[in-house]
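Below: one structure in structure tokens.
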Amino acid sequence: MGVFLRHVAGMATVLAAAAPAVARQAPADIVFTNGYVYSVDSKDHVFQALAVRGGRIVYIGDDGGAASYAGPKTRRIDLKGHMMMPGLVDGHMHPLEGGQNLIGCSLDYLPLTVGGFSDRVRACAADPSFRNASGGLVVRNWFQEAMKPAGTRLTKQVLDAIDATHPIVVRSSFGHSALLNSAALRLAGITATTQAPPGGEIVHDAAGQPTGMLEDEAQNLIAPVDPPSTPQEDVRAAAASLAAMRAQGVTGFLDAWALDKDLAAYAALQRQGALTARAHFAPLVDPAHAADIAGNVGRLKAIAARYDQGPIGVAPSVTVRNVKLFMDGVITAPAMTGVLLAPYRVNRGTAAAPRWEPGPSSGPAPYFPPAVLGPLLQGLVTAGFDPHMHADGDGAVRIALDGVQAMRAALPQADARPAIAHDELVDPADRPRFKALGAVPVLSFQWEKQAPDTVEGARDYLGPDRVRDIEPASLLAQAGARIAYGSDWPVDPLNEWFALKVGVTRTNAPEAGPRYAHPLGDEPGLSRAEVLRAITMNSSWELRSDTQTGSLEPGKLADLIVLDRNVMQVPANDIANTKVLVTMVGGRIVYSTGALAPKANGPG
Ligand SMILES: [Zn+2]
């Protein structure tokens with residue numbers, strides 16, 4: 001003991017002479033040592049150790065410096081060489097829907113035979129916890145197009161064989177179809193003579209009876225079988241979404257279309273101390289009421305007054321400072337509701353000998369006319385809201401940028417952080433405008449791969465010139481844009497590490513098969529440093545929390561994660577396999593596998 005003390009005292013003298021800053025500090029709550037601490041500071045510096053006190057980072061540096069923060073009550077965690085980085089900030093998702101998918105009966109987007117389909121639905125039907133208020137069972141994430149063998153069509157008889165008395169509805173993952181059993185058809189009041197609503201179809205058999213399949217708008221008839229969720233169900237779904245986020249390392253998110261039920265559910269969890277990610281919400285402005293700027297601002301201010309908890313602090317809170325606006329739909333077939341600068345192509349030949357030529361349509365009219373959008377953005381920004389615009393086609397992106405330009409011209413001093421989400425197609429002339437106008441593209445990197453929607457759904461309808469530049473992440477980066485990331489969960493399963501891998505490689509998973517194995521387009525992927533910055537610092541900037549989160553720097557909140565592998569060093573494809581070992585939010589460990597710190601999965 002004496003030797004140890006002398007040694008430490010001698011070393012302290014030497015260090016104090018060389019660098020007075022490492023003199024003994026007020027003890028930290030937790031000291032992490034022996035790691036690869038990737039900071040995402042202005043130079044992406046890598047350190048060895050980090051200390052946390054009162055929910056904030058008080059030190060980042062080497063193990064020797066961290067030692068001066070270790071007091072008798074300090075918890076010490078040996079990182080054993082593992083990578084630590086800032087917690088992930090997901091700049092665009094739909095978490096309540098994501099959580100609903102997690103707690104309900106799900107077919108998990110799997111390709112299934114009729115037998116496999118029946119087995120999974122039967123297992124759900126046997127579990128009373130899946131029954132809703134109508135006594136019915138709703139099954140989600142049915143990958144209808146992937147039924148095996150190809151071309152398999154299902155009818156109500158498959159479901160009647162599982163349960164003839166209780167209603168069952170199976171919803172397709174693409175959202176266009178639903179399959180009902182006979183009990184569900186009865187409860188929904190659908191008979192041989194029921195008329196489908198416009199834009200929908202009730203499929204009939206040769207005898208004129210409904211087969212159980214409902215297409216598109218006909219799904220509105222299902223409401224009696226699939227009633228809106230209750231507040232209790234919403235809280236359960238929100239809790240499930242937070243558990244999924246903790247396990248992936250998400251410490252902050254934007255709900256990119258926040259209804260009152262979303263806000264109520266996450267606010268309830270916040271009051272219980274169960275909110276384990278910083279929750280940002282973007283209520284919607286309906287294009288039908290776009291011209292009523294004062295009315296919109298008044299409504300949004302009332303929502304913010306009810307739920308927004310002000311500047312973020314150590315404990316996760318609820319923020320309402322973003323506003324969602326849809327400029328268009330989606331560019332890929334079969335929807336083709338994206339607004340384009342030039343027409344979608346149509347096949348004027350035959351299936352065997354196709355002749356693709358420009359057709360009559362460039363998509364729908366933009367949902368917000370340009371003359372209305374500029375003043376609306378100006379009104380929102382003046383009221384303190386940051387617009388978050390869905391713009392998928394190059395025409396919609398241009399209109400969104402034009403709106404931002406008009407807003408900037410009217411409010412040259414405004415501290416606005418407009419976001420334009422998706423940006424699957426951006427005209428070359430518009431790429432530098434993101435930087436020039438201070439608009440942040442919010443991209444879903446997992447779309448930057450060869451897949452049925454980008455190959456079959458885009459190639460023919462958009463043509464080679466446009467498909468070559470689809471998902472233009474690195475083209476936007478080269479043009480100086482500050483790129484942020486948003487998963488858009490549950491459009492895809494929540495898989496942030498797969499998305500980051502695709503952002504780097506622009507390739508699909510090996511399981512997707514040889515047809516989708518090569519990279520998407522000619523452009524390179526983003527660098528690892530760029531994708532990590534997009535999902536931490538740049539999304540924090542988007543959500544106006546960049547002075548508090550997004551990087552590991554003294555004074556910032558201790559929102560951080562520890563990984564099972566070093567995503568800066570493993571083969572790029574292996575980034576997809578990353579597992580989070582520890583998730584910390586505001587200095588509290590909310591998730592741990594037990595590998596480095598005692599097991600935890602909850603608010604701690
Ligand atoms: Zn979305």
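The values are calculated or read from the model by the stated rules, or taken from the named source; none is laboratory data. Since the structure is predicted, the reported quantities are computational estimates derived from the model, not experimental observations. Heads up, the Cβs are rebuilt from the backbone with ideal geometry, glycines too, and the neighbour counts pull from every protein chain shown. For accessibility, only protein heavy atoms count, side chains too; no ligands or nucleic acids. Shrake-Rupley method; radii C 1.70, N 1.55, O 1.52, S 1.80 Å.
Looking at segment 381-402, I want the residues that are among the charged types (D, E, K, R) and have a partner that is within 16 Å of the ligand (Cβ to nearest atom) with Cβ atoms under 6 Å, at least 6 apart or on another chain. Which pairs are those?
These pairs meet every condition: D386/N322; D392/D328; D392/V330; D392/I331; D392/G338; D392/H422; D392/E424.
Among the candidates V58, V114, V138, single out the residue that is within 30 Å of P27 (Cβ to Cβ), away from the ligand (no atom under 16 Å from the Cβ) and either aliphatic (A, V, I, L, M) or free of Cβ contacts under 8 Å to residues at least 24 places away in the same chain (or both).
V58
Residue-by-condition table, conditions (1) of a type in the set (S, T, Y); (2) within 16 Å of the ligand (Cβ to nearest atom); (3) over 30 Å from P493 (Cβ atoms):
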residue	(1), (2), (3)
V372	no, no, yes
V381	no, no, yes
H390	no, yes, no
R417	no, no, no
I420	no, yes, no
R433	no, no, yes
V440	no, yes, no
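Here's another thing I want to ask about it. Determine which member of the set F4, F32 is of a type in the set (F, W, Y) and at pLDDT below 95.
Just one listed residue meets the conditions, F4.
With the requirement that a residue be polar (S, T, N, Q) and either in a loop (DSSP other than H, G, I, E, B) or under 16 Å from the mean Cα position of the chain (by Cα) (or both), what does segment 224-281 give you?
The answer is S229, T230, S241, Q248, T251, Q272, T276.
Filtering segment 117-129 down to residues that are free of Cβ contacts under 8 Å to residues at least 40 places away in the same chain and open to solvent by 60 Å² or more (accessible area, probe 1.4 Å), which residue is nearest to Q232 (Cα to Cα)?
S129
Pick from I575, I561, I589: which is modelled with pLDDT of 95 or more, part of a helix (DSSP H, G or I) and out of contact with any His (no Cβ under 9 Å at 6 or more places or on another chain)?
Unique residue meeting the criteria: I575.
Kindly indicate the residue of segment 489-516 that is open to solvent by 10 Å² or more (accessible area, probe 1.4 Å) and among the charged types (D, E, K, R) and also nearest to the ligand (Cβ to nearest atom) among those meeting that condition.
D492
Still on this structure: Take the residues of segment 392-415 that are of a type in the set (V, I, T) and open to solvent by less than 20 Å² (accessible area, probe 1.4 Å): which is nearest to the ligand (Cβ to nearest atom)?
V397
Any residue that is over 22 Å from I222 (Cβ atoms), open to solvent by 20 Å² or more (accessible area, probe 1.4 Å) and touching a strand residue (DSSP E or B) at 6+ places or on another chain (Cβ under 9 Å) - is there at least one of those in segment 142-152?
Taking every residue of segment 142-152 in turn, none turns out to be over 22 Å from I222 (Cβ atoms), open to solvent by 20 Å² or more (accessible area, probe 1.4 Å) and touching a strand residue (DSSP E or B) at 6+ places or on another chain (Cβ under 9 Å).
Taking helices (runs of 4 or more DSSP H) that fall entirely within segment 430-525, which contain at least 3 residues that are among the small types (G, A, S) and modelled with pLDDT of 90 or more?
Counting at least 3 such residues, we get 473-478.
So E553 passes all but one of these: (1) assigned to a helix (DSSP H, G or I); (2) among the acidic types (D, E); (3) closer than 24 Å to V314 by Cβ. Which condition number does it fail?
(1)
How many residues does segment 176-209 hold that are assigned to a strand (DSSP E or B), in contact with a helix residue (DSSP H, G or I) (Cβ under 9 Å, 6 or more places away or on another chain) and more than 18 Å from V138 (Cβ to Cβ)?
Selection size over segment 176-209: 4.
Looking at segment 469-489, I want the residues that are within 14 Å of A436 (Cα to Cα) and have a partner that is assigned to a loop (DSSP other than H, G, I, E, B) and within 16 Å of the ligand (Cβ to nearest atom) with Cβ atoms under 9 Å, at least 6 apart or on another chain. Which pairs are those?
As it stands, the answer is L476/D423, since those pairs meet every condition given.
If you don't mind, there's one more thing I want to ask. Just the residues that are under 23 Å from N495 (Cβ atoms) and not charged (D, E, K, R), please, taken from segment 578-588.
Scanning segment 578-588 gives T578, V580, L581, V582, T583, M584, V585.
Yes or no: A458 under 23 Å from S539 (Cα atoms) and either within 16 Å of the ligand (Cβ to nearest atom) or open to solvent by less than 10 Å² (accessible area, probe 1.4 Å) (or both)?
So A458 does not fit the description; no.
Here are T332, T319: which of them is of a type in the set (V, I, T), touching a residue at least 12 places away in the same chain (Cβ under 8 Å) and within 16 Å of the ligand (Cβ to nearest atom)?
Answer to the check: T332.
Of everything in segment 445-455, what is within 16 Å of the ligand (Cβ to nearest atom) and either of a type in the set (S, T, Y) or without any contact (Cβ under 8 Å) to a residue 60 or more places away in the chain (or both)? Give them in sequence order.
Once the filter is applied, which keeps residues that are within 16 Å of the ligand (Cβ to nearest atom) and either of a type in the set (S, T, Y) or without any contact (Cβ under 8 Å) to a residue 60 or more places away in the chain (or both), segment 445-455 yields Q446, W447.
Further, regarding this structure: Touching a helix residue (DSSP H, G or I) at 6+ places or on another chain (Cβ under 8 Å) and open to solvent by less than 20 Å² (accessible area, probe 1.4 Å), is that true of L102?
Answer is no for this residue.
Just for strands (runs of 3 or more DSSP E) wholly inside segment 306-348: which have at least 2 residues that are touching a Leu at 6+ places or on another chain (Cβ under 8 Å) and not small (G, A, S)?
Output list reads 318-320, 322-326.
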